[in-house]
Structures are given as structure tokens and as C-alpha cells.
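Colleague: The structure under discussion is supplied below as C-alpha cells; questions concerning it will follow.
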Amino acid sequence: MTAFEAEGLVKRFGKTTALAGVDLAARPGMVLGVLGPNGAGKTTAVRILATLLRPDAGQARVGGLDVVRHAAKVRRMIGLTGQYASVDEDLTGAENLVLIGQLLDLRRNEAKARAAELLAGFGLTEAGSRKAKTYSGGMRRRLDLAASLVGRPDVIFLDEPTTGLDPAKRDEMWGVVRTLVGDGATVLLTTQYLEEADALADEISVIDHGKVIAHGTPGELKGIVGGQTVLVRPADPARLEEAAAVLATVAGRPADSPSRGVVTVPVTGDAAFTEVVRRLDAAGVAVTELSLHLPSLDEVFFTLTGRRTEEEEVAA
């Protein structure tokens, strides 16, 4: 059973094909991360699943309901937070949430109670009586996410929810997402921050040029780039060559050229790491750093799409 699924979604805007046959699906209670360059089609797919756009071909369902034929019912089941805060800046935080509650047919006292609950949950109780125009960017994002949760949705679409937030506020949002999933919600998360997908997503779909070009768990996608790598930093830099010789013996291939006090070698399987530890100990080579790791999602993204993420390009 799936919480939501899309099959063969196609969407065109004039001569531009935004989606060229996209398949997405998520089981209840999981986070599906959707990655892709700007213009890849991520937001278009979200807008179709959220009933804001009609596909030109293909179909999508939320909770088993077709998003076109049963759009009104689907809207009762979902929450949506877009890339930009969509709250009314001339209303207070509390008024925004009460208004949405009443639009969802809650009685006023129920809407006020739900608003108070969400304001407390997002650390906005003291700011609840202030107009949203006075909020910081991070506070607006939290209010926007709170607004999407007024109806206690089973499925939540988060379209780059942490865009523009500083690292501390981003961590707060990650905590919110984990809490939502812990409470049983299913989340579709689009993001440009690959560490965000790595930290939150159970499975990831990579979209490029309107098509899903890869899907799997974060670990499975990292395996696309290559196997695991052992890294060793000897306590005594003079013993770097000895450490390199140990790694080469275990891996059956030369270690990478030592640099900046570390040496690395690709390995197959976890057993190689244990053997490296044993042989370094036998050789009396003390280390200050010893790790076994998969490639990063950034490397996966570059391998699959041939380009860096927007975040990396800005940093560069």
C-alpha cells in the first residue's frame, strides 16, 4: 500500500516539457526525498500531487484517491508547504492559523485551540499575537509549515522548506520533519541540500530533465558512485607510508597517494575495515582518524546529472 503514488506523469508548458513520464511512490510513514537541479520538474510533480496542476498524461493518487477526479477529498488529506512562505502578512500568526482552521470547517473554538497547539509546537506562542509581517524569515517558514498542519494531514508535501534558512533554523526544521514522521505522517521532501536528504529521507528519487533517473535508499544511491573507502590518519605523520602499505595489502591495490597526513583506499565490504584495524595494530601504527565511508550524495548527484547542486555552485 502507498500513501501517494504517481505513474507516468507528463506536464508541458507550451514547448517546454516539465515532466516526461515521472513515477514516484511512498509507503505510509516514510520520507521520500526528491532531488534534482533547478528546472528538473520537482515542483511541478509536487503541484500535481497537491491538486494544483492537472497532468497532461499519467495519473497520481493520494491515499488511493485520484488527484484529478477526487481533488477535494485529496486536499482534505494533505498539507503543502511551498518554496516561499504563503501566510497573510497583515494577519497575526494566530489569526492565520485560525482562518485556515475555519476554512477546514473547524468550529472557531476548535480552530483557536489548534492554532495555540501549533504555535506552541513551533515555538511561536509569544509571537502569535504579532502580525506576520514582523516575523523573521525563519519564523515565517515555521508559521507556513504550521499552517499546512492545521488539518492534521496524513500526507505532507514540503517543497524546499528550508530554503533561505540559516543552519540552526534548518536543524530545527529537520526536527519538525522527524516529529511529523514519528507521529505517522508521510512526507515528500524536495530539497537542494543533499545533506538534508541524507539526514531525513528513507528513499530518494533523483529527477533530471523531467524524468526520474535514479531511485533508492541513500546508501543504495551512494553505491552508484562506487564502493566504500577506508581513510587512515596516522598519529605520527612519518608513518604515513607504512599505513599506505597496510591499506594496499588489505585492498589488493595501491592506496591513493598520501596527502595532508591521510591515506585512503577503496575497499569491497565491511570486512576489509576490520582487517585494516587488525594489521595497523599488529604493525604498531597508532592513528588519530580511521573511518569507513560511502561516497557523499553530492558525488552521486554529480555522477547522475553531470552537474553540481545549486548550493555547491554558490559555494564555488
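The values are calculated or read from the model by the stated rules, or taken from the named source; none is laboratory data. Bear in mind that the values here come from a model prediction, so they are computed numbers and not experimental data. No Cβ is skipped: glycine too gets one built from the backbone with ideal geometry, and neighbour counts run over all protein chains shown. Ligands, DNA and RNA are stripped out before the accessible areas are found, and what is left, the full protein with its side chains, is counted by its heavy atoms. Shrake-Rupley method; radii C 1.70, N 1.55, O 1.52, S 1.80 Å.
Colleague: Of everything in segment 146-159 that's out of contact with any Gly (no Cβ under 8 Å at 6 or more places or on another chain) and touching a residue at least 12 places away in the same chain (Cβ under 8 Å), which residue is nearest to residue 101 (Cα to Cα)?
Modeller: Within segment 146-159, the match that is nearest to residue 101 (Cα to Cα) is 147.
Colleague: Looking at segment 246-255, can you tell me whether even one residue there is hydroxyl-bearing (Ser, Thr, Tyr) and outside any loop (DSSP other than H, G, I, E, B)?
Modeller: Scanning segment 246-255 turns up at least one residue that is hydroxyl-bearing (Ser, Thr, Tyr) and outside any loop (DSSP other than H, G, I, E, B).
Colleague: Mind listing whichever residues of segment 180-196 are at pLDDT below 90 and closer than 16 Å to residue 77 by Cβ?
Modeller: Within segment 180-196, 180, 183 qualify.
Colleague: Same structure, new question: Looking only at residues that are modelled with pLDDT of 95 or more and of a type in the set (Lys, Arg) in segment 7-22, which one is farthest from residue 42 (Cα to Cα)?
Modeller: Out of the qualifying residues, it is 12.
Colleague: Sticking with this one: Search segment 124-160 for residues being hydroxyl-bearing (Ser, Thr, Tyr) and surrounded by fewer than 19 Cβ atoms within 10 Å (Cβ to Cβ), and hand back the single one that is farthest from residue 195 (Cα to Cα).
Modeller: 129
Colleague: Scanning segment 86-123 for residues that are aliphatic (A, V, I, L, M) and surrounded by fewer than 20 Cβ atoms within 10 Å (Cβ to Cβ), which turns out nearest to residue 151 (Cα to Cα)?
Modeller: Per the criteria, the residue is 104.
Colleague: Can you find even one residue in segment 275-287 that is open to solvent by 50 Å² or more (accessible area, probe 1.4 Å) and assigned to a strand (DSSP E or B)?
Modeller: Yes.
Colleague: Can you give me the number of residues within segment 32-48 that are part of a helix (DSSP H, G or I) and open to solvent by 50 Å² or more (accessible area, probe 1.4 Å)?
Modeller: Result for segment 32-48: 1.
Colleague: Also, quick follow-up: Tell me which of these residue 11 doesn't satisfy, since it passes every other one: (1) in contact with a strand residue (DSSP E or B) (Cβ under 6 Å, 6 or more places away or on another chain); (2) under 22 Å from residue 161 (Cα atoms).
Modeller: For residue 11, the failing item is (2).
Colleague: Determine whether residue 51 is of a type outside the set (A, V, I, L, M), assigned to a loop (DSSP other than H, G, I, E, B) and out of contact with any Pro (no Cβ under 7 Å at 6 or more places or on another chain).
Modeller: Judged against the criteria, residue 51 is a match.
Colleague: Out of segment 215-229, which residues are modelled with pLDDT under 90 and either more than 21 Å from residue 303 (Cα to Cα) or in a loop (DSSP other than H, G, I, E, B) (or both)?
Modeller: 226, 227 - these are the residues of segment 215-229 that are modelled with pLDDT under 90 and either more than 21 Å from residue 303 (Cα to Cα) or in a loop (DSSP other than H, G, I, E, B) (or both).
Colleague: Can you name every residue in segment 127-182 that is of a type in the set (Ser, Thr, Tyr) and farther than 15 Å from residue 83 by Cα?
Modeller: Answer for segment 127-182, where residues must be of a type in the set (Ser, Thr, Tyr) and farther than 15 Å from residue 83 by Cα: 129, 134, 135, 136, 179.
Colleague: Restricting attention to segment 56-78, which residues are more than 24 Å from the chain's Cα centre (by Cα) and closer than 13 Å to residue 9 by Cβ?
Modeller: Listed by number, the residues that qualify are 56, 57, 58, 66, 68.
Colleague: Take residue 58 and decide whether it is touching a Leu at 6+ places or on another chain (Cβ under 6 Å) and crowded, with 23+ Cβ neighbours inside 10 Å.
Modeller: Judged against the criteria, residue 58 is not a match.
Colleague: Scan segment 202-210 and tell me whether some residue there is under 21 Å from residue 275 (Cα atoms), touching a Phe, Trp or Tyr at 6+ places or on another chain (Cβ under 9 Å) and in a strand (DSSP E or B).
Modeller: no
Colleague: Something else now. Could you tell me how many of the residues in segment 288-311 are surrounded by 13 or more Cβ atoms within 10 Å (Cβ to Cβ), β-branched (Val, Ile, Thr), over 17 Å from the mean Cα position of the chain (by Cα) and modelled with pLDDT of 80 or more?
Modeller: 0
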